[in-house]
Amino acid sequence: ALGGAVGLVVVGTMAAAPAGAHGYVQAPDSRHYLCKTGENRDCGGVQYEPQSLEGLKGFPVGGPADGQIASAGGLFGGKLDEQTSTRWVKTDIQPGPMLFDWTYTAPHRTSKWHYYMTKQGWNQNAPLSRDALELIGEVQHDGSAASTNPDHVITVPANRSGYHVILAVWD
């Protein structure tokens, strides 16, 4: 077991312009989905529009700046970038294969989904940065519209324990 919880940060999309795709990870419960359900509080407007968390395409080379990764560039007042070890409701997970269930409100052309997780020893009380993340999975797509609510199985590394963040990106 991970010996604790993993907080999930989900950037619903990274698009060529700030309006590309609309969706979010519903299961396991993502940070902004938990804002929608009211379990996470003081989230800003993302609680009403979790599918609208969109940033620029090209993460990690492009996309939102360090410190604004969780909010996709400061959207909804940047509330999702508030990062401390106690700020957000945690989702308990286990290492090994894990199902990620996306909910789409508008399908769009898709090249891939990629998943990142904080590294061992990351600073839980600092805003998310690229240096704190490592790629743990990627699902390629043919560029057609992702018109269903896909599920992806991504392997959570066994060498993690305690609180970590998973970032899911839809390009």
Fill in: Anchor K112: lysines whose Cα lies under 22 Å away (excluding residues fewer than 8 positions away in-chain)
K57
Item to complete: Quick one: pull the percentage of alpha-carbon pairs in the range 23-97 with a separation above 21 Å.
Response: 27 percent
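Multiply the residue gap between R130 and R41 by 0.36 nm, knock off their C-alpha separation, and tell me the result in nm, one decimal place.
Roughly 29.5 nm would be gained on extension.
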Worksheet item: lysines within cross-link reach of K79: Cα-Cα under 17 Å, excluding same-chain residues under 8 positions apart?
Response: K36, K90
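Would you please calculate the Kirkwood hydrodynamic radius of the range 65-171 over all C-alpha pairs and express it in Å, rounded to one decimal? Can you show the working numbers first?
Details: mean 1/r = 0.0665 Å⁻¹.
One over the average 1/r among Cα pairs gives 15.0 Å for the range 65-171.
Given the peptides 124-132, 161-169, arrange them by the average over their residues of other C-beta atoms within 10 Å, most packed first.
Result, highest mean first: 161-169, 124-132.
With contacts defined as alpha carbon pairs under 8 Å and 6 or more residues apart, what's the relative contact order of the chain in percent?
Details: 433 pairs, mean separation 55.0, N = 171.
Computed over the chain, the figure is 32 percent.
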Discussion item. Using a probe radius of 1.4 Å on heavy atoms only, what accessible surface per residue do you get for the chain? Whole Å² is fine.
Written reply: 43 Å²
Worksheet entry | the chain - mean residue ellipticity at 222 nm from DSSP helices (-39,500 (n - 2.57) per run, n ≥ 4, rounded to 500) | -1000 deg cm²/dmol
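I'd like the carbon and sulfur percentage of the solvent accessible area for the chain, probe radius 1.4 Å, heavy atoms only, ligands and nucleic acids excluded. Write out the running numbers ahead of the final one.
Numbers: 3640 of 7280 Å².
Of all accessible area on the chain, carbon and sulfur atoms account for 50 percent.
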Response to the item:
Expected sort for 25-32, 89-96 on mean C-beta neighbours within 10 Å, highest first, is 25-32, 89-96
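The values are calculated or read from the model by the stated rules, or taken from the named source; none is laboratory data. The structure presented is a predicted model; accordingly, all values stated were derived computationally and were not measured. Every residue, glycine among them, receives a Cβ derived from its backbone with ideal geometry; neighbour counts consider all protein chains shown. We work out accessible area using only protein heavy atoms, side chains counted, and drop any ligands, DNA or RNA first. Shrake-Rupley method; radii C 1.70, N 1.55, O 1.52, S 1.80 Å.
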